[in-house]
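The values are calculated or read from the model by the stated rules, or taken from the named source; none is laboratory data. Just so we're clear, the structure is a prediction, and the values are computed from it rather than from any experiment. Every residue, glycine among them, receives a Cβ derived from its backbone with ideal geometry; neighbour counts consider all protein chains shown. Keep in mind that these areas ignore ligands, DNA and RNA; they rest on the heavy atoms of the full protein, side chains included. Shrake-Rupley method; radii C 1.70, N 1.55, O 1.52, S 1.80 Å.
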Amino acid sequence: MTNANKVKGDIAEREAAALLHDLTGWPVRRKLGAGRMDDEGDLEGVPSTVLQVANWADVSRAVRVKPVEAEQQRINAGATFAATLIRLRGGDWRAVMTVEQLATWMREAIGP
């Protein structure tokens with residue numbers, strides 16, 4: 001029997017990949033093997049970036065938990081950036097970062 005939360009997560013990952021592809025033109029797609037100790041995020045195709053996707057009913061918990069997981073995945077992948085994409089009820093999306101992740105993005109992307 002298929003786990004309903006896994007199905008929900010898989011759908012959200014496909015939706016997020018398609019959204020980012022549409023917005024950037026990059027070939028963003030789902031990665032397989034989530035949950036491993038050496039997990040490197042849910043999506044690939046955004047340069048130097050690990051992306052975690054969350055489609056949780058408890059959005060406040062996702063905001064607390066998922067960016068921390070994304071940071072570990074960034075380290076695993078040797079990437080520069082990490083962000084978490086959270087699907088809200090109704091289909092809206094938000095990108096969430098820790099302050100440290102935001103500061104890295106600001107230093108690298110914007111410069112002095």
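General observations
- Model label sites at Ser60 and Val7, defined 7 Å from Cα along the beta-carbon direction, differ in position by 3.0 nm.
- Accessible surface computed residue by residue for the chain, with neighbouring protein chains in place and a 1.4 Å probe, gives 62 Å² per residue.
- Within-15-Å neighbourhood charge of Thr104 [Cβ basis; K, R +1; D, E -1]: -1
- Whether region 10-112 is rounded, prolate or oblate, judged on the alpha carbon gyration tensor where a/c under 1.5 counts as rounded: rounded
- In summary, the aspartates and glutamates within cross-link reach of Lys31, defined as a Cα separation below 20 angstrom excluding same-chain residues under 8 places away, comprise Asp10, Glu13, Glu15, Asp22, Asp39, Glu40, Asp42, Glu44, Glu69, Glu71.
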